[in-house]
Amino acid sequence: MFQLLRPVGEKIIIPGEGSPGSATPFKMKGYKTTFVDSGTAALGLALSILRKANPEKKQVIIPAYCCPDILSAVLFNELEPVFVDLEPNSTFLDLDKVTLALNSQSLAIVAINFLGVPERVEALQSRGAAFGVKIIEDSAQFMPLDINSTGFKGDMVVLSFGKGKPLSLLGGGAVLVSNGAEPESKASSLSVDTFNITNKLKLKVLLYNFILRPYVYWVLSKVPLLKIGSTHFKPLIGITYFQGLDSILNLNMEYRKRNDFKCIAVLRRRLASLESENIIDLSLKYNVPVNSLLRYPLLLKNKATRDALLSRLNEAGVSATAMYKNKLLDVPGVPQGYLDSAVVGTSVAGDFADRLLTIPSHSGVDIEWVEKIVKVIAIYA
């Protein structure tokens, strides 16, 4: 077999004569939108806004299992991360441990919509209310199909338009500030750049769309130097405001709506029919719509089973992944030396990292791929 189904990613559409895209400002209902150069920069800006409004507060609560870019944004603002464990067999922060972590120094809680599974924002708001803590909803891995009915509940929301995101432009991000929030959503000291449809961008998009094909992705997967899918810590260097994203965002939002995700719905039904006690379907557990999933998340009974299934799926031509592979403090490059008080449990996060497996849930997954995926998973059910 000389093909490999990509783990994530959708085709990017560029505005042109036949599809110019709407110039209507891209806005999410209930929020003010500010565009920046990346999702990490968006979280960095969100924290900068809160820090400016609350200079006496220094701590940010983040999950002990998450993308290391979240830590990058915290450290960029010279804030102190507080690592909080997850609930067992869950993507959610442990609410009791969140309560233990909260104090007068707490500035914000980063609530992650992990692969499209939404955090319990209202429960976190309730826990943090006594200390005036703000909730930043990190939605880099989820993009609502309807901008007038987003489901967002955070005081601030962070979006990412990077490679492999729900709505990719190969870069860019956004900070959404609740209309009821007090802080200004801009810092005049930051530089400004304009997003233009250049020939260079057109070429990059053409190559990106080409790479999405299974036989091309298979070839690239055989090049070790590319380190496809590797996770490591990268410090955030700066933040740049972006302008001119509205038309391309609106166009790609409309394109996303054409995918009916019927094959992913079939995949969910077929996996449920296995009635396995060895596999937890996190999307089914939390009743997440299939069109919300960036990747399809499963928890296996242990690391050995996860690793074996991961290998078998990839042998079958399916880019299954272990996501970040480690809890945050064990991700390569992450700074060490945090005080014990900054770590409110990591054991469940480590167990989650050892057992998580994701399978593709994008528009390239057709019925034939569904059959291949289910056939392999059934061996370990």
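The values are calculated or read from the model by the stated rules, or taken from the named source; none is laboratory data. Since the structure is predicted, the reported quantities are computational estimates derived from the model, not experimental observations. Neighbour counts are summed over all protein chains in view; Cβ atoms, including those assigned to glycine, are modelled from backbone coordinates with ideal geometry.
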List the number of the failed condition for L45; all other conditions in (1) under 29 Å from Y286 (Cα atoms); (2) surrounded by 23 or more Cβ atoms within 10 Å (Cβ to Cβ) hold. (1)
Can you find, within region 134-160, the residue that is nearest to D246 (Cα to Cα) among those that are assigned to a loop (DSSP other than H, G, I, E, B) and under 10 Å from the mean Cα position of the chain (by Cα)? M143
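The rows are residues; the columns are (1) in contact with a helix residue (DSSP H, G or I) (Cβ under 6 Å, 6 or more places away or on another chain); (2) surrounded by fewer than 23 Cβ atoms within 10 Å (Cβ to Cβ); (3) aliphatic (A, V, I, L, M); (4) assigned to a helix (DSSP H, G or I).
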position	(1), (2), (3), (4)
V74	no, no, yes, yes
F83	no, no, no, no
N89	no, yes, no, no
D96	no, yes, no, yes
E119	no, no, no, no
Which one is surrounded by the fewest Cβ atoms within 10 Å (Cβ to Cβ), of the residues in region 256-274 that are more than 20 Å from the chain's Cα centre (by Cα) and modelled with pLDDT under 90? R258
Evaluate the following for T40: is it over 30 Å from V223 (Cβ atoms), modelled with pLDDT of 85 or more and in contact with a Ser or Thr (Cβ under 6 Å, 6 or more places away or on another chain)? no
Exactly one of Y255, Y286, Y215, Y296 is hydroxyl-bearing (S, T, Y), under 24 Å from V318 (Cβ atoms) and out of contact with any strand residue (DSSP E or B) (no Cβ under 9 Å at 6 or more places or on another chain), and that one is Y215
Select, from N278, N291, the only residue that is assigned by TED's automatic domain parsing to the domain that holds V365, surrounded by 17 or more Cβ atoms within 10 Å (Cβ to Cβ), modelled with pLDDT under 95 and not β-branched (V, I, T). N291
Out of L176, L167, sole residue that is of a type in the set (A, V, I, L, M, F, W, C) and assigned to a loop (DSSP other than H, G, I, E, B): L167
Please specify each residue of region 230-247 satisfying the condition of being polar (S, T, N, Q) and touching a residue at least 40 places away in the same chain (Cβ under 8 Å). T231, T240, Q243, S247
Among the residues of region 189-211, is any part of a strand (DSSP E or B), under 16 Å from L293 (Cα atoms) and not β-branched (V, I, T)? no
